[in-house]
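First the structure, in the form of structure tokens, and then the observations on it.
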Amino acid sequence: MNIKKGIRTRRGAKLNLKGSADKIISNKISSSTYALNPDDFFGLVPKLSVNEGDMVKAGDPVFFNKKEPRIKVVSPVSGTIKSINRGAKRKIEQIIIESDGNNEMRSHKFDQWETLERKELISLLLESGSWPFIKQRPYGIIANPDDLPNAIFVSTFNTAPLGADFQYILEKKHDNFKTGLTVLNSLVDQAVFLGIDASFSKPFEDIKNVQKYNVSGPHPAGNLSLHIQELSPINMGDKVWTVNAEDVANIGSFVKTGVQDLKRTIALVGSAIKYPKYFSVNIGIELSQMLSEATITEDQVRCINGNVLSGSTSHENGYLGYYNNTVSVIPEGNGYRMFGWLPFKDNHILSLSNTSFSKLFNKKGFSVNTNLNGEERALVVTGEMEKVFPLDLFPMQLIKACMIEDIEKMEALGIYEVVPEDFGLIDYANTSKLEAQEIIKQGIELMINEVG
Amino acid sequence: MNALRKRLDALKKPFGKGQKLEKFAPAINAFDTFLFVPNHTTKKGAHIRDAVDLKRTMVTVIIALMPALIYGIYNTGYQYYSQMETPFTFIEAFIHGSWKIVPMIIVSYVVGLSIEFGFAVYRGHEVNEGYLVTGLLIPMIMPVDIPLWMVAISTAFAVLIAKEAFGGTGMNILNPALTARAFAFFAYPTYMSGNKVWVSEASNVDAISGETILGTLAAGGDINYSMFEMFQGAIPGSIAETSTLWVAVGALILIVTGIGSWRIITGGILGAAIMGLLFNLWGANALMSFSWMNHLIVGGFAFGIVFMATDPVSGAQTNKGKWIYGILVGILCIMIRVFNPAYPEGVMLAILLMNVFAPTIDHYVVNGNIKKRKKRWALAQELKSA
């Protein structure tokens, strides 16, 4: 089932960065501890189902959503709960599980999954800890199991800078991916939408029971917000579900085997990595071993769970996040640059603006660092956000509406159709060093609290 | 570089967090960040950032202004010596112009930046770079013989009332430089209009006629400048507005670097050309029958549309809005020229007027998008109920 209408955009930018991953998967790595980080689950209020010292199997619930107790997050490995780290106001920041190395898995008993009703299937996914893989728009939070969404979207086209290549990741998981798509199909009235790189659609030719569409263009062409706006736009009250491509395979693997194996294939990338490549590991693994295998080349680096535009900051002794398929490592940019504000100076710094010659040089790719390259200023320059924003809405006006917390205006300007990462390039490109993603995130939090 | 950095860090110590002079940190930071791009790293949001910042943007505008400024300085001397009919060299003309104009630039920067620094310290934010451009624009659009104290007062008025009263950089409704000129225009009309102010020393030396082309036309006189002279800018007028040629070079810099909006500039030229053409067809008075092409190259139109109308803060902010805004500035500019003999130059008032209406234009453009969304919702509701 192919949709004729492909998605093509020219607004956006392809950031040509150094350190993309070689197509080698290393799958021997495990670590002694694993961690779950409740902050990875936007909008979820964690309540623990274990205490320190408890034994857990892989697939046993560790915490659940206070607002919707059926949504559970399960342990990626078997072992003991080593510690529960809390922050201010006793907020749960991290749950660390010490692996016993046996990888004992909790097994769920059910008949052929194909024979299950939608309701039974949903409760099975909830019980097994697969449910957090299914997210909903608006807001980008974990889906409400009681909703019937208008559509489900899965994209295999990743345009984020140095982002993991889903076609490569799915090569070995093709059958599970297919099964996962069939599972998702039974959760929704119309077939799942599957986004495919327009230039290379071959690996998915044998998948028939979904609505396939082609995508082409620079980042953020791969972001689902654009696809949803084009194919099944979200109006007030509508729900659309999205699932990360590898998690579709995880769901497929679960319904086939009855055990929840939280696998993640990650691309370890960035200019501070000597041998950037892929790793197949369990969610929540320590980053340190992978980093030492891939070799860090700089003294001071920033490890990012996710891509350099929208990922969250971790550190060399940190843990892998729940959802990200990319871990980026780039040098910290805490140095000074003399007269760096002169136009056409420092062309080694990647710039989308024509006040630099950087576009003409460095065809091989840029080594980027975390310097702010200036200071935060009032919003002066106009029109630059629209250049890197393909959605049919006014980004600056929406950002301003979020800043003044005007809910009616945010609704009218399209807050339901965006998630923070759509604004990643705006963060990057804007002259005033505005934190657009943070503003949109706070706007969405406000919407969740006030409108729901 | 390292030694200098260390000296600076030592100097900045008393301005640090919790120190005695913390309040004045914005002032010292403004100087420091002009030497070095600071070592700040990203804390939230995207982990990497573009090399462009507001300093770079504003400095690009200043570079774009340079050709027009240098020609303006030369033209000041050229107008004076050629009307005195004394032989002169390029250098002499340039020195005469510099003697008049550099003090104006200094006054504008000193007064404006003092107020900006004061507000930055008072409000506890960093000094915004916007004034670097405003401070240069103000003298560039004044008549050459205006007394320095008038420059000072106009500048203070513009920064205080047009900018800081609205919340500072990025919040102003009107273009601050044009507000300074409008203030001087209405407060000191004898220094800002008439036939004795547009050439250096014209009010002191009888041999010099200091009238602009538009002024002559409005008074019903004849023009004896060739079209090339008008284009090149060897004509009387405000300091840097005369040379369409060098303004066009600046426009090219702004458009290629993407700093100035090509939509506003093209729109403005289109609007003015069409309006001029229509008036040519009508031809009821000297200014109406003044060729539309000449309308584009005399007076402050070119300078205004390139450097003042494109101000991103006071102009329209949406792409569609920029077209509408630019076209209307062009149309209004020629209309004011032709219909109002008291103001032979219309570009200042046209831009200020459109500054006021720019938010309205944007409002309707954005509303178009909002309506589309509402319509889609209504359609979906219908489908659901059907």
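The values are calculated or read from the model by the stated rules, or taken from the named source; none is laboratory data. The structure displayed is predicted, hence computed values, not measured ones. Virtual Cβ from ideal backbone geometry, glycine too; neighbours counted across all protein chains shown.
Here the stretch B:220-244 is the region considered, the condition is being free of Cβ contacts under 8 Å to residues at least 24 places away in the same chain and not in a loop (DSSP other than H, G, I, E, B), and the residue that is nearest to B:Val151 (Cα to Cα) is B:Gln232. Of all residues in the stretch B:84-100, none are in contact (Cβ under 8 Å) with a residue 12 or more places away in the chain, surrounded by 23 or more Cβ atoms within 10 Å (Cβ to Cβ) and in contact with a Pro (Cβ under 7 Å, 6 or more places away or on another chain). Within the stretch A:6-56, the set of residues being of a type in the set (A, V, I, L, M) and either assigned to a loop (DSSP other than H, G, I, E, B) or surrounded by fewer than 16 Cβ atoms within 10 Å (Cβ to Cβ) (or both) comprises A:Ala13, A:Leu15, A:Ala21, A:Ile24, A:Ile29, A:Leu44, A:Val45, A:Val50, A:Met55. Given the criteria part of a helix (DSSP H, G or I) and within 14 Å of chain A (Cβ to nearest Cβ), does B:Arg376 qualify? Yes; evaluated as a whole, the condition is true for this residue.
Out of the residues in the stretch B:185-221 meeting the condition of being of a type in the set (Val, Ile, Thr) and buried (at least 19 other Cβ atoms within 10 Å of the Cβ), tell me which one is modelled with the lowest pLDDT. The residue in question is B:Ile208. Across the stretch A:21-53, the number of residues qualifying as over 25 Å from A:Val419 (Cα atoms) and within 19 Å of the chain's Cα centre (by Cα) comes to 2. When B:Gly130 is tested against (1) at the interface with another protein chain (Cβ under 7 Å from one of its Cβ atoms); (2) under 27 Å from B:Ile305 (Cβ atoms); (3) modelled with pLDDT of 90 or more, exactly one condition is not met: (3). The helices (runs of 4 or more DSSP H) falling completely within the stretch B:256-321 that include 1 or more residues that are within 21 Å of B:Asp53 (Cα to Cα) map to B:262-282. The condition (being within 30 Å of B:Leu379 (Cβ to Cβ), in contact with a strand residue (DSSP E or B) (Cβ under 6 Å, 6 or more places away or on another chain) and in contact (Cβ under 8 Å) with a residue 60 or more places away in the chain) is satisfied by just one residue among A:Val248, A:Val259, A:Val269, A:Val240: A:Val240.
Taking the stretch B:358-368 as the search range and keeping residues that are of a type outside the set (Gly, Ala, Ser) and buried (at least 17 other Cβ atoms within 10 Å of the Cβ), which one is nearest to the other protein chains (Cβ to nearest Cβ)? Among residues in the stretch B:358-368 that are of a type outside the set (Gly, Ala, Ser) and buried (at least 17 other Cβ atoms within 10 Å of the Cβ), the one nearest to the other protein chains (Cβ to nearest Cβ) is B:Val366.
Residue-level check: of (1) in contact with a helix residue (DSSP H, G or I) (Cβ under 8 Å, 6 or more places away or on another chain); (2) of a type in the set (A, V, I, L, M, F, W, C); (3) surrounded by fewer than 20 Cβ atoms within 10 Å (Cβ to Cβ), A:Val154 misses just (3). Give the number of residues within the stretch B:116-143 that are within 17 Å of B:Phe31 (Cα to Cα) and touching an Asp or Glu at 6+ places or on another chain (Cβ under 7 Å). Result for the stretch B:116-143: 5. Considering only the stretch A:222-230, I want to know if a residue exists there that is assigned to a helix (DSSP H, G or I), within 16 Å of the chain's Cα centre (by Cα), hydroxyl-bearing (Ser, Thr, Tyr) and within 23 Å of A:Ala13 (Cα to Cα). Yes, the stretch A:222-230 contains at least one residue that is assigned to a helix (DSSP H, G or I), within 16 Å of the chain's Cα centre (by Cα), hydroxyl-bearing (Ser, Thr, Tyr) and within 23 Å of A:Ala13 (Cα to Cα).
Taken together, A:Leu287, A:Leu352 contain a single residue that is away from every other protein chain (no Cβ under 14 Å), aliphatic (A, V, I, L, M) and either in contact (Cβ under 8 Å) with a residue 12 or more places away in the chain or out of contact with any strand residue (DSSP E or B) (no Cβ under 8 Å at 6 or more places or on another chain) (or both), which is A:Leu287. Taking the criterion of being more than 7 Å from every other protein chain (Cβ to nearest Cβ) and over 27 Å from A:Ile304 (Cβ atoms), the residues of the stretch B:25-57 that qualify are B:Ala25, B:Pro26, B:Ala27, B:Ile28, B:Asn29, B:Ala30, B:Phe31, B:Asp32, B:Phe34. Taken over the stretch A:324-364, the criterion of being surrounded by fewer than 20 Cβ atoms within 10 Å (Cβ to Cβ), touching a Ser or Thr at 6+ places or on another chain (Cβ under 8 Å) and farther than 18 Å from B:Thr33 by Cα is satisfied by A:Glu332, A:Asn347, A:His348, A:Asn354, A:Lys359. Considering only residues in the stretch A:373-425 that are free of Cβ contacts under 8 Å to residues at least 24 places away in the same chain and charged (D, E, K, R), the one that is surrounded by the fewest Cβ atoms within 10 Å (Cβ to Cβ) turns out to be A:Glu408. Any idea how many residues of the stretch B:18-57 are without any contact (Cβ under 8 Å) to a residue 60 or more places away in the chain, surrounded by fewer than 20 Cβ atoms within 10 Å (Cβ to Cβ) and not aromatic (Phe, Trp, Tyr)? The total comes to 14.
Among residues that are touching a Gly at 6+ places or on another chain (Cβ under 6 Å), at pLDDT 95 or above, in the same structural domain as B:Asp311 (by TED's automatic domain parsing) and of a type outside the set (S, T, N, Q), B:Ala93 is not included. The number of residues in the stretch A:57-82 being assigned to a strand (DSSP E or B) and over 12 Å from A:Asn37 (Cα atoms) comes to 9. When the stretch B:133-166 is filtered for residues that are within 14 Å of chain A (Cβ to nearest Cβ) and hydroxyl-bearing (Ser, Thr, Tyr), only B:Thr134 remains. Note on the stretch A:149-221: enclosed strands (runs of 3 or more DSSP E) holding 2 or more residues that are of a type in the set (Gly, Ala, Ser) are A:151-155. Of the residues in the stretch A:392-402, at least one is of a type in the set (D, E, K, R) and within 9 Å of chain B (Cβ to nearest Cβ). Filter the stretch B:322-339 down to the residues that are of a type outside the set (D, E, K, R), farther than 16 Å from B:Ala273 by Cβ and surrounded by 24 or more Cβ atoms within 10 Å (Cβ to Cβ) and list them by number. Across the stretch B:322-339, the qualifying residue is only B:Tyr325. Just so you know, in the stretch B:160-184 the residues that are β-branched (Val, Ile, Thr) and not in a helix (DSSP H, G or I) include one that is modelled with the highest pLDDT, and it is B:Ile173.
Taking strands (runs of 3 or more DSSP E) as the structural unit, those lying wholly within the stretch A:272-338 and holding at least 2 residues that are more than 20 Å from A:Ile95 (Cα to Cα) correspond to A:277-282, A:301-305, A:326-331.
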